[in-house]
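Inspection log for the structure reproduced underneath, given as structure tokens.
The values are calculated or read from the model by the stated rules, or taken from the named source; none is laboratory data. Please read all numbers here as calculations on a predicted model, not as lab measurements. Counting neighbours? That spans all protein chains shown, and the Cβs are built from the backbone with ideal geometry, glycine included.
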Amino acid sequence: MKVFLGGTKDSDWREKLIPLLDVAYFNPVVEDWTEECQAYEEEQKNNFCDVHLYVITSKMTGVFSIAEAVESAMTKGKYCVFHVMPDGFDEGQLKSLAAVIKLIKKQGGIAYQFKNFEPTAYYLNHL
């Protein structure tokens, strides 16, 4: 099993989660994003990663990761895990993210809000 570490880029969540993982993972974050990097990410995500994890923090600057998470939840043969770190979001944003969580769960994904990574790491390590 291999986990794709998608989600908010400009945050330290990966550095907090990775030491807790006992499974293989692919971290798509690179310093210089190129078309080659994008192609490699897609290859890893689609062909080698069984689990697509998306961690959303209030430091997100775009919304593409949310679209990717919904797509992953609808993809046969992939596990989608959607983890919202609630700190820093306002009430309206959290309400909207709750709707995304509901949509991902409806498609068979795992989705929740937690302030820490222990539950996510436990789940990933025991799939």
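A few remarks follow.
- Of all the numbered requirements in (1) part of a helix (DSSP H, G or I); (2) touching a residue at least 24 places away in the same chain (Cβ under 8 Å), Gly6 misses one, and that requirement is (1).
- Search result, residues across region 10-22 that are touching a residue at least 24 places away in the same chain (Cβ under 8 Å), assigned to a loop (DSSP other than H, G, I, E, B) and not hydroxyl-bearing (Ser, Thr, Tyr): Asp10, Leu21, Asp22
- Pair list, Cβ < 9 Å and 6+ apart or interchain, from region 54-71 residues that are within 12 Å of Gln93 (Cα to Cα) to residues that are assigned to a helix (DSSP H, G or I) and among the small types (Gly, Ala, Ser): Ile56/Ser65; Ile56/Ala69
- For region 57-79, filtering for residues that are charged (D, E, K, R) and outside any helix (DSSP H, G or I) leaves 3.
- From the list Tyr25, Tyr54, Tyr112, the one residue that fits, being in a strand (DSSP E or B), surrounded by fewer than 19 Cβ atoms within 10 Å (Cβ to Cβ) and at pLDDT 95 or above, is Tyr25.
- Test: Phe48 is touching a residue at least 24 places away in the same chain (Cβ under 8 Å), loosely packed, with under 14 Cβ neighbours inside 10 Å and in contact with a Phe, Trp or Tyr (Cβ under 8 Å, 6 or more places away or on another chain): yes
- Condition met for Ala73 (touching a Phe, Trp or Tyr at 6+ places or on another chain (Cβ under 9 Å) and over 23 Å from Asp10 (Cα atoms)): yes
- Contact map, region 98-109: first residue in contact (Cβ under 8 Å) with a residue 12 or more places away in the chain, second residue of a type outside the set (D, E, K, R) and assigned to a helix (DSSP H, G or I), Cβ cut-off under 7 Å, separation 6 or more or different chains; pairs are Val100/Ile66; Leu103/Val70; Ile104/Ala69; Ile104/Val70; Ile104/Ala73; Gln107/Ala73; Gly108/Ala73; Gly109/Ala73.
- Among residues of region 77-91 that are over 21 Å from Lys45 (Cβ atoms), those with a beta-carbon under 6 Å from a residue that is among the small types (Gly, Ala, Ser) and assigned to a loop (DSSP other than H, G, I, E, B) at least six positions away or on a different chain give the pairs Gly88/Ser58; Phe89/Ser58.
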